[in-house]
Amino acid sequence: MLASRLAKPFRLDGVAFFRHFCPLLNLSALFCVQMLMKPQLDLVPKSSWKANGPLLIAGPCSAETPAQFRATLTPLAELKPDYVRAGIWKPRTRPNSFEGVGIDALAWSVEISRELGLPLAVEVASGKHAEAALHAGVSLLWVGARTTVNPFMVQEIADAVQGVEVPMLVKNPVNPDLELWIGAIERLNKAGIRKLGAIHRGFSGYEKSIYRNHPNWEIPIELKRLLPDMLLIADPSHISGNRLLVPETAQVALDLDFDGLMIETHCDPENAWSDARQQITPSSLAELLQNLIYRRPQTDDVVFNARLEALRRDIDGVDAALLELLAKRLALTAEVGAVKKDNDITILQPKRWAEIVESRLQQSGQLGMDAAFITRLLQLLHQESINTQVKMFQEARLNASKTAE
Ligand code: PEP
Ligand code: MN
């Protein structure tokens, strides 16, 4: 049985092959984003979150003490956030760091936020958390990145909120996996949560970056393509991990048409018990909001629209030409595959690949193009050519074994 399984040729379809080799080729998550089917969700209209303008959720990473919470929320109230946030239970990467005050903080967090007329949002990481938060009168629940990765925990939370009309937000999973993110959203929607949205907080990566969690904007953009009617906000605090980068990251999110922001705000950020580097004071938040440029997705300006239309027609033409060239290239790589197969030559030719990278980078450099972009593009082209050739070799082996039978 095992022997016959092992004897089967190693078959990978396009997507499986892609997933298999993506880490090896060190491709950005952009190219690991698959074209997924549009999920069918039953959602309240996006406008029921907020009639106009971006949704704002602000407040400390953790509710530390009643005094800290009150000192943070009192000036925040003037900025009229839609919700204030508070971490009650903190999922920490390592033990022995502050893991949140826990259930005792729920009652006073609800009390202080109510006193100031601010609806409270809390992260829940289990069914028990969700039940306790609902019982205490929390207005919005969100699922954190370390929970979204675990379908068992998400399902437990979904079971706990079944039949309750509470708004919920789902942060992306720590790893760049769009299906996992959508899966968590689907579970909550199936449990009857219709006021439901997503929070983009960036993705962990092994590579060094200026960000704490790399934004990989293409992933939330794909989520938006699949679920255009769902609220999608950004969390510049957890993306950047550094208070200096928060305003710029918030601006990028708005320029990418995000529906709102979650920003960690603390009365004394340097001495915060968690995420001290990325929190900002309420007055810095006021300044940040004032400096943000709120752009419109569209305009009625006839001259602008005509200019945009003309440029888009040019782009359509260039894309059509690019696709024709791509088809030509793919046909050539298939011919190369046939020649290699007939002569029992390996698919991967490291020397040729190195020459391609070097010469194309030189030419693209002269044309003023970004080397990282061209490298990714070349990797994608090369991978497609390998993909085609692997399939050809496999088919030839299958045909040979059928003829031998
Ligand atoms: C948080 O919001 O404080 C938090 C723990 O965030 P994340 O789930 O994005 O890591
Ligand atoms: Mn935090």
Cβ-Cβ under 8 Å pairs, at least 6 apart or on other chains, region 62-91 side more than 14 Å from Asp268 (Cβ to Cβ) and assigned by TED's automatic domain parsing to the domain that holds Glu287, far side assigned to a helix (DSSP H, G or I) and among the charged types (D, E, K, R): Pro91/Arg146
Hits in region 228-250 (condition: touching a Leu at 6+ places or on another chain (Cβ under 6 Å) and either farther than 17 Å from Ala198 by Cβ or not assigned by TED's automatic domain parsing to the domain that holds Val84 (or both)): Pro247
Matching helices (runs of 4 or more DSSP H) fully within region 123-167 where at least 2 residues are of a type in the set (S, T, N, Q): 145-148
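For residues in region 47-61 being among the hydrophobic types (A, V, I, L, M, F, W, C) and part of a loop (DSSP other than H, G, I, E, B), which is nearest to Glu264 (Cα to Cα)?
Checking each candidate, the answer is Cys61.
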Residue tally, condition surrounded by 17 or more Cβ atoms within 10 Å (Cβ to Cβ) and more than 16 Å from ligand 1 (Cβ to nearest atom), over region 145-164: 5
Pairs with Cβ under 6 Å, 6+ apart, first in region 260-279 and among the aromatic types (Phe, Trp, Tyr), second within 12 Å of ligand 1 (Cβ to nearest atom): Trp273/Ser62; Trp273/Phe98
Criterion (modelled with pLDDT under 80, surrounded by 17 or more Cβ atoms within 10 Å (Cβ to Cβ), in a loop (DSSP other than H, G, I, E, B) and not assigned by TED's automatic domain parsing to the domain that holds Ile221) met by exactly one of Leu41, Leu12, Leu27: Leu27
Output for region 92-122, where each listed residue is more than 15 Å from ligand 2 (Cβ to nearest atom) and either part of a loop (DSSP other than H, G, I, E, B) or not assigned by TED's automatic domain parsing to the domain that holds Ala158 (or both): Pro95, Asn96, Gly102, Ile103, Leu116, Gly117, Leu118, Pro119
Subset of region 142-169 (residues that are more than 16 Å from ligand 2 (Cβ to nearest atom) and under 23 Å from Cys61 (Cβ atoms)): Val149, Asn150, Met153, Val154, Ile157, Val166, Pro167, Met168
Pick from region 283-313, criterion charged (D, E, K, R) and in a loop (DSSP other than H, G, I, E, B), ranking: nearest to ligand 1 (Cβ to nearest atom): Arg295
Sole residue being under 25 Å from Gly260 (Cβ atoms) and touching a Lys or Arg at 6+ places or on another chain (Cβ under 8 Å), chosen from Ala158, Ala133, Ala63, Ala86: Ala158
Selection from region 60-83 of residues that are closer than 14 Å to Leu120 by Cα and within 14 Å of ligand 2 (Cβ to nearest atom): Pro60, Cys61, Ser62, Ala63, Thr72
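Is it the case that some residue within region 259-270 is buried (at least 18 other Cβ atoms within 10 Å of the Cβ), more than 30 Å from Arg94 (Cβ to Cβ), more than 16 Å from ligand 2 (Cβ to nearest atom) and in the same structural domain as Pro66 (by TED's automatic domain parsing)?
Yes - at least one qualifying residue is present in region 259-270.
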Selected residue (criterion: farthest from ligand 1 (Cβ to nearest atom)) from residues of region 228-248 that are of a type in the set (S, T, N, Q) and buried (at least 23 other Cβ atoms within 10 Å of the Cβ): Ser240
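The values are calculated or read from the model by the stated rules, or taken from the named source; none is laboratory data. Quantities reported herein were computed from a predicted structural model and do not represent experimental measurements. Every residue, glycine among them, receives a Cβ derived from its backbone with ideal geometry; neighbour counts consider all protein chains shown.
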